[in-house]
Amino acid sequence: MTHSHSAGARWWALALVLLLPAVVFPETADKEPAPGKVWVYIGTYTQKKSKGIYRCEFDPATGKLSSPVLAAETVNPSFLAIAPNQRFLYAVNEIGNYEGKKAGAITAFALDPKTGDLKQLNQQSSEGAVPCHVVVDRAGKHVLAANYTGGSALVLPIEADGKLGKTTAFVQHTGKGATKRQDAPHAHSINLDAANKFAFVADLGLDKVLVYRYDPAKGTLTANDPPAGIVPPGSGPRHFAFHPAGKYAYAINEMGNTVTAFSYDPERGVLKELQTVTTLPADFKGNSYTAEVVVHPSGKFLYGSNRGHNSIAVFAIDESTGKLTPAGHQGEGIKTPRNFNIDPTGTYLLVASQDGDSISVFRIDPRTGALKATGNVTEVPAPVCVKFLPVK
């Protein structure tokens, strides 16, 4: 018994010695690497000082944004999309006439992974006037775009070298909405669900988020059943965002200055309205129009931009219901905020102030979602769109 007991004691002593370094010296444990630098690509309007797409460098460790450099010269690249392989970037050219027709263009660029520079590959017609939004599908096989004035959406294939091929799908919306401005369809954005099965087109003119079955192999769009999620009359849905859990989605309504929360059935592609809430303070009296909506990657907060009130509206999300609770506004240094985006770490929100000719950096409070101005502001002419790309 004594022998057995002493052997057991020696085994425990040895185990304790082996464990001690981890207990006594926790600083030797592996630490998460510090976030690396990130390129920020900025789409602009080129009527005044801008020449095209600009690039800055963003440091998530400090929240600092470098001065911009011109990455590519092109006309009105108001919205951008980066391919999943990070080798290509696509831009809408928001114009009303292309090659003598009522259309805009979509331009393909090669993205140099070492320098971040862009080189134009080719350009295709958007087949409808004034394209204003573009995405790349999750397989990196197709580009999808929305034409605002044309009231239409289309799909273009991405060839092996990143160039855009000829249109594989085109859908023309019809009808009108409740107000004078809604006398025709105005497709304002196009988004895909996480499964790459459904495409969603927010149409400001129709008060609908139209839903299409998307075939990623063929690049086709087919009307879903039911064909749309509906917002209140006169709302004017503009942009659209999913909750990371995939059960909820949100449309920001330009004319109503509201956000509509939907439940989402990912199997059937069905949106059902849960609530519609204002993006403005109760005491605001002037004219204002919303622009962008972004859900924080944590799923806890939603942000929307107000042009006129000149602010970012903050909402808390009830993750059990998807519903929104207003949680304040941030307007410091913001003037006509268009698109904005959250950096890959979820720590900062960068706002493009179109009439302020600037990008402003705000720090996100992880507990409340509140935005705190960092004082980091970079001058960029007429910025519209902000896209992040981690530097490898």
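The values are calculated or read from the model by the stated rules, or taken from the named source; none is laboratory data. Worth saying up front: this structure is predicted, and the values here are computed from it rather than measured. Using ideal geometry, Cβ is built from the backbone for each residue, glycine included, and neighbour counts are taken over all protein chains shown.
Results for (1) touching a Pro at 6+ places or on another chain (Cβ under 7 Å); (2) at pLDDT below 95, shown as yes or no for each residue.
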position	(1), (2)
84	no, no
91	yes, no
94	yes, no
101	no, no
114	no, yes
122	no, no
125	no, no
Residue list for the stretch 164-188, restricted to those being touching an Asp or Glu at 6+ places or on another chain (Cβ under 9 Å) and either outside any loop (DSSP other than H, G, I, E, B) or of a type in the set (A, V, I, L, M) (or both):
169, 170, 178, 182, 187, 188
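Quick check on residue 374: is it among the β-branched types (Val, Ile, Thr) and on the phi < 0 side of the Ramachandran plot?
Working: among the β-branched types (Val, Ile, Thr): yes; on the phi < 0 side of the Ramachandran plot: yes.
Against the criterion (among the β-branched types (Val, Ile, Thr) and on the phi < 0 side of the Ramachandran plot), residue 374 qualifies.
Please indicate, with yes or no, whether at least one residue in the stretch 76-89 is surrounded by fewer than 17 Cβ atoms within 10 Å (Cβ to Cβ) and part of a strand (DSSP E or B). Lay out the reasoning, then the answer.
Of the stretch 76-89, the ones surrounded by fewer than 17 Cβ atoms within 10 Å (Cβ to Cβ) are 84-87.
Within this subset, residues satisfying the condition of being part of a strand (DSSP E or B) are none.
Looking for residues that are surrounded by fewer than 17 Cβ atoms within 10 Å (Cβ to Cβ) and part of a strand (DSSP E or B), one finds none in the stretch 76-89, hence no.
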Kindly establish whether residue 334 is buried (at least 24 other Cβ atoms within 10 Å of the Cβ) and not in a strand (DSSP E or B).
yes
Is there a residue in the stretch 111-121 that is out of contact with any Gly (no Cβ under 8 Å at 6 or more places or on another chain), small (Gly, Ala, Ser) and not in a strand (DSSP E or B)?
yes
Condition check for residue 242: surrounded by fewer than 22 Cβ atoms within 10 Å (Cβ to Cβ) and within 30 Å of residue 222 (Cα to Cα):
yes
Between residues in the stretch 37-57 that are in contact (Cβ under 8 Å) with a residue 60 or more places away in the chain and surrounded by 21 or more Cβ atoms within 10 Å (Cβ to Cβ) and residues that are in a strand (DSSP E or B) and of a type in the set (S, T, N, Q), which pairs lie under 8 Å by C-beta distance while being six or more apart or on different chains?
43/339; 50/44; 53/44; 54/44; 56/378
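Conditions (1) acidic (Asp, Glu); (2) touching a residue at least 24 places away in the same chain (Cβ under 8 Å); (3) surrounded by 23 or more Cβ atoms within 10 Å (Cβ to Cβ), marked per residue:
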position	(1), (2), (3)
319	yes, yes, no
327	no, yes, no
340	no, yes, yes
345	no, yes, no
354	no, yes, no
358	no, yes, no
367	no, no, no
373	no, yes, no
386	no, yes, yes
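Does residue 270 satisfy the condition of being in contact with a Pro (Cβ under 7 Å, 6 or more places away or on another chain), aliphatic (A, V, I, L, M), within 14 Å of residue 208 (Cβ to Cβ) and surrounded by fewer than 24 Cβ atoms within 10 Å (Cβ to Cβ)? Quick ask: steps written out before the conclusion?
On the way: in contact with a Pro (Cβ under 7 Å, 6 or more places away or on another chain): yes; aliphatic (A, V, I, L, M): yes; within 14 Å of residue 208 (Cβ to Cβ): yes; surrounded by fewer than 24 Cβ atoms within 10 Å (Cβ to Cβ): yes.
It is true that residue 270 is in contact with a Pro (Cβ under 7 Å, 6 or more places away or on another chain), aliphatic (A, V, I, L, M), within 14 Å of residue 208 (Cβ to Cβ) and surrounded by fewer than 24 Cβ atoms within 10 Å (Cβ to Cβ).
Table: residues versus (1) touching a residue at least 24 places away in the same chain (Cβ under 8 Å); (2) surrounded by 15 or more Cβ atoms within 10 Å (Cβ to Cβ); (3) among the aliphatic types (A, V, I, L, M).
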residue	(1), (2), (3)
60	yes, yes, no
68	yes, yes, no
74	yes, yes, no
97	yes, no, no
108	yes, yes, yes
136	yes, yes, yes
141	yes, yes, no
155	yes, yes, yes
161	yes, no, no
Could you check the stretch 289-304 and list, in sequence order, the residues that are closer than 20 Å to residue 382 by Cβ and either touching a Phe, Trp or Tyr at 6+ places or on another chain (Cβ under 6 Å) or surrounded by fewer than 20 Cβ atoms within 10 Å (Cβ to Cβ) (or both)?
289, 292
Condition (residue is crowded, with 18+ Cβ neighbours inside 10 Å and over 24 Å from residue 204 (Cα atoms)) applied to the stretch 280-288: is it met by at least one residue?
no
Within the stretch 231-251, can one find any residue that is in contact with a Ser or Thr (Cβ under 6 Å, 6 or more places away or on another chain), aliphatic (A, V, I, L, M) and within 30 Å of residue 164 (Cα to Cα)?
yes
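State the number of residues belonging to the stretch 189-220 that are in a loop (DSSP other than H, G, I, E, B), under 24 Å from residue 84 (Cβ atoms) and within 19 Å of the chain's Cα centre (by Cα).
Taking the stretch 189-220 as the starting set, the residues that turn out to be in a loop (DSSP other than H, G, I, E, B) are 193-197, 204-207, 216-219.
With the extra rule that they be under 24 Å from residue 84 (Cβ atoms), the set shrinks to 193-197, 216-219.
Narrowing the set further to residues that are within 19 Å of the chain's Cα centre (by Cα) leaves 193-197.
Total satisfying the criteria: 5.
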